[in-house]
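Peer 1: I am attaching a structure below and will ask some questions about it afterwards.
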């Protein structure tokens with residue numbers, strides 16, 4: 001699959017299917033020249049980089065949407081088929097997930113907002129489903145994509161910082177929205193100005209400290225999830241380069257261990273989201 005050496009193999013599996021705009025006069029990898037600015041799929045990693053900030057990672061977007069639709073469809077199906085008698089295995093799994101997230105919200109969130117519990121459930125299950133895609137062997141989906149004419153194709157959205165930052169920025173906007181709504185503009189400004197040191201002479205220091213802490217929240221959320229998932233993906237790719245008998249020796253225990261990792265990362269992201277939203281609802 002367009003990979004003659006281990007280095008090329010690793011780069012290939014870590015490159016997203018990118019759709020973006022190439023400027024006029026750009027020379028592509030096959031020697032052809034783009035006569036005028038054109039939106040197209042990148043054929044190499046360098047082309048993807050040259051497309052700049054406004055390029056789209058189509059695989060990340062596609063799999064994120066697919067997992068979101070799977071979540072909504074699955075929970076809707078279970079809700080419509082739910083029985084008061086002996087529940088089936090799927091209904092049991094959904095109810096356990098619902099009660100687990102409900103417990104997180106009950107223990108962590110101290111305000112009153114009917115949106116927080118559904119939001120926490122959505123984030124937990126959505127990230128869990130996206131993370132679980134990592135357990136699919138690394139060559140399966142890229143091989144199918146290659147047969148369909150797609151040079152690059154990653155299937156784990158959370159190994160792409162664009163995907164994790166998309167979720168964390170959404171959470172950050174909610175933090176700001178509820179901070180202003182609950183505390184008011186003056187109350188929120190006062191909180192930033194007089195914490196942690198309640199004295200007017202230390203307002204500049206407090207502002208720098210609090211604004212920095214506020215900005216770090218979405219960055220830490222995104223990078224923690226991305227870093228753990230990306231590192232695990234790299235290990236799976238490195239194992240795939242080994243002889244077949246060694247692959248089975250290492251791949252199975254690493255995959256079993258990663259079942260814990262994918263669940264833990266979804267839990268951490270969800271819990272921190274609820275913690276941050278709880279702080280945004282504190283009006284004292």
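The values are calculated or read from the model by the stated rules, or taken from the named source; none is laboratory data. Bear in mind that the values here come from a model prediction, so they are computed numbers and not experimental data. Because the Cβ atoms are built from the backbone with ideal geometry, glycine has one as well, and the counts that use them run over all protein chains shown.
Residue-wise test of (1) touching a residue at least 40 places away in the same chain (Cβ under 8 Å); (2) more than 25 Å from residue 242 (Cα to Cα); (3) out of contact with any helix residue (DSSP H, G or I) (no Cβ under 9 Å at 6 or more places or on another chain).
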site: 143; (1), (2), (3): yes, no, yes
site: 154; (1), (2), (3): yes, no, no
site: 161; (1), (2), (3): yes, yes, no
site: 169; (1), (2), (3): yes, yes, no
site: 175; (1), (2), (3): yes, yes, no
site: 178; (1), (2), (3): yes, yes, no
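Condition check ((1) over 21 Å from the mean Cα position of the chain (by Cα); (2) surrounded by 13 or more Cβ atoms within 10 Å (Cβ to Cβ)) across all residues:
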{"residue": "138", "(1), (2)": "no, yes"}
{"residue": "152", "(1), (2)": "no, yes"}
{"residue": "155", "(1), (2)": "no, yes"}
{"residue": "193", "(1), (2)": "yes, yes"}
{"residue": "229", "(1), (2)": "no, yes"}
{"residue": "245", "(1), (2)": "yes, no"}
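Peer 1: In addition: Please work out which one of (1) modelled with pLDDT under 90; (2) in a helix (DSSP H, G or I) is the condition residue 270 fails and give its number.
Peer 2: (1)
Peer 1: If you check 282, 210, which single one turns out to be outside any helix (DSSP H, G or I) and within 25 Å of residue 173 (Cβ to Cβ)? Break it down stepwise before answering.
Peer 2: Numbers: 210 fails: outside any helix (DSSP H, G or I).
Matching residue, one of 282, 210: 282.
Peer 1: Something else: Mind listing just one residue for me: the one in the range 41-67 that is touching a helix residue (DSSP H, G or I) at 6+ places or on another chain (Cβ under 6 Å) and more than 20 Å from residue 26 (Cβ to Cβ) and, of those, surrounded by the most Cβ atoms within 10 Å (Cβ to Cβ)?
Peer 2: 60
Peer 1: Can you name the condition, by its number, that residue 110 falls short on among (1) surrounded by 15 or more Cβ atoms within 10 Å (Cβ to Cβ); (2) in contact (Cβ under 8 Å) with a residue 24 or more places away in the chain; (3) outside any helix (DSSP H, G or I)?
Peer 2: Result: residue 110 passes all but (1).
Peer 1: From the list 272, 250, which one is surrounded by fewer than 17 Cβ atoms within 10 Å (Cβ to Cβ) and in contact with a helix residue (DSSP H, G or I) (Cβ under 7 Å, 6 or more places away or on another chain)? Quick ask: steps written out before the conclusion?
Peer 2: Numbers: 272 fails: surrounded by fewer than 17 Cβ atoms within 10 Å (Cβ to Cβ).
Result: 250 is the single residue among 272, 250 that is surrounded by fewer than 17 Cβ atoms within 10 Å (Cβ to Cβ) and in contact with a helix residue (DSSP H, G or I) (Cβ under 7 Å, 6 or more places away or on another chain).
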